[in-house]
1. What pairs can you find where one residue is in segment 55-81 and modelled with pLDDT of 95 or more, the other is open to solvent by 90 Å² or more (accessible area, probe 1.4 Å), and their Cβ atoms are less than 6 Å apart, with a gap of 6+ or different chains?
2. Which condition number in (1) closer than 24 Å to PHE162 by Cα; (2) more than 12 Å from the chain's Cα centre (by Cα); (3) touching a residue at least 40 places away in the same chain (Cβ under 8 Å); (4) within 16 Å of ligand 1 (Cβ to nearest atom) is the one that ARG95 fails?
3. Of all the residues that make up segment 50-72, how many are among the charged types (D, E, K, R), buried (at least 19 other Cβ atoms within 10 Å of the Cβ) and within 11 Å of ligand 2 (Cβ to nearest atom)?
4. Answer yes if at least one residue in segment 114-121 is assigned to a helix (DSSP H, G or I), over 18 Å from ARG17 (Cβ atoms), within 16 Å of ligand 2 (Cβ to nearest atom) and without any contact (Cβ under 8 Å) to a residue 40 or more places away in the chain, and no otherwise.
5. If only one of LEU80, LEU75 is open to solvent by 90 Å² or more (accessible area, probe 1.4 Å) and not in a loop (DSSP other than H, G, I, E, B), which one is it?
6. Report yes if some residue within segment 129-136 is without any contact (Cβ under 8 Å) to a residue 60 or more places away in the chain, open to solvent by less than 20 Å² (accessible area, probe 1.4 Å) and more than 24 Å from VAL28 (Cα to Cα); otherwise report no.
7. Return the residues of segment 154-182 that are open to solvent by less than 100 Å² (accessible area, probe 1.4 Å), under 16 Å from ALA7 (Cα atoms) and among the hydrophobic types (A, V, I, L, M, F, W, C); say none if nothing qualifies.
8. From the list ALA110, ALA105, ALA90, exactly one residue is open to solvent by less than 60 Å² (accessible area, probe 1.4 Å), in contact (Cβ under 8 Å) with a residue 24 or more places away in the chain and not basic (Lys, Arg). Which is it?
Amino acid sequence: MADPTRAWHDEHMYFNRMLAMLQKEMDVLATGESPHYGLMLDIISYLREYSDVVHHPREDEVFRRLSLLRPDYKLRVARLRQEHRVIAVAGETLRKLLEEAGADAMVSRAEIEIAAATFLVYYGNHIQTEEEDILPLAAKLLTHADWAAAKAMAPSAHDPVFGAKPTQRFSELRRRIAAEAG
Ligand SMILES: [Fe+2]
Ligand SMILES: [Fe+2]
């Protein structure tokens, strides 16, 4: 098995890139210009479909196993699991707003700003906490069996943007990522 914490860390870097791209569009909105709502919707859809459905359930199992080995981490991982639920709801709120904005429905900029700012700050802090507090500990304590059990929480996982077979639907997002990477 490839180094599981390496793959885990790589996904965090992908998500951070998505959050940075979302922030850039928010900066466009802040200057009074029109952001690329379609791109923002792709970003949030990707995070809803991959992070919430694959990455977070796997982490939840890692957290559960870690807290059995380290009861002193129980509260910390309970908070992170709670954050997964909050991220999912905040993400869905933002996704709906962006969908409406993209369809030319009347959506106030303030509503989008509030939803996106909340999502960005919350998600960014969440990833940072996992990177600093949890990954190093998990790398030390968990066994192959633990990692296999975590992976099995989303067995047919397929990353539609950064995976080996990206889906056509996210081609514009991939084009942007490639352009940014230069
Ligand atoms: Fe997480
Ligand atoms: Fe994570």
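The values are calculated or read from the model by the stated rules, or taken from the named source; none is laboratory data. In this text, all values refer to a predicted model and were calculated from it rather than measured experimentally. A quick note on method: Cβ atoms are made from the backbone with ideal geometry, for glycine too, and the neighbour counts reach across all protein chains shown. The area values use the complete protein model at the heavy-atom level, side chains included, leaving out ligands, DNA and RNA. Shrake-Rupley method; radii C 1.70, N 1.55, O 1.52, S 1.80 Å.
1. As it stands, the answer is PRO57/MET153; ARG58/MET153; GLU61/MET153; SER67/LYS74, since those pairs meet every condition given.
2. Unmet condition: (4).
3. Taking segment 50-72 as the starting set, the residues that turn out to be among the charged types (D, E, K, R) are 52, 58-61, 64-65, 70, 72.
Retained after the next criterion (residues that are buried (at least 19 other Cβ atoms within 10 Å of the Cβ)): 58-59, 65.
Next cut, within 11 Å of ligand 2 (Cβ to nearest atom) only: 58-59.
So the count comes out to 2.
4. Going through segment 114-121, the residues assigned to a helix (DSSP H, G or I) turn out to be 114-121.
Then keep just the ones that are over 18 Å from ARG17 (Cβ atoms); that gives 114-115, 117-118.
Okay, now just the ones that are also within 16 Å of ligand 2 (Cβ to nearest atom), so none.
No, there is no match, as no residue in segment 114-121 is assigned to a helix (DSSP H, G or I), over 18 Å from ARG17 (Cβ atoms), within 16 Å of ligand 2 (Cβ to nearest atom) and without any contact (Cβ under 8 Å) to a residue 40 or more places away in the chain.
5. Values: LEU80 fails: open to solvent by 90 Å² or more (accessible area, probe 1.4 Å).
Going through LEU80, LEU75 in turn, just one is open to solvent by 90 Å² or more (accessible area, probe 1.4 Å) and not in a loop (DSSP other than H, G, I, E, B): LEU75.
6. For segment 129-136, residues without any contact (Cβ under 8 Å) to a residue 60 or more places away in the chain, open to solvent by less than 20 Å² (accessible area, probe 1.4 Å) and more than 24 Å from VAL28 (Cα to Cα): absent.
7. Correct list: ALA154, ALA157, VAL161, PHE162.
8. Values: ALA110 fails: in contact (Cβ under 8 Å) with a residue 24 or more places away in the chain; ALA105 fails: in contact (Cβ under 8 Å) with a residue 24 or more places away in the chain.
Answer to the check: ALA90.
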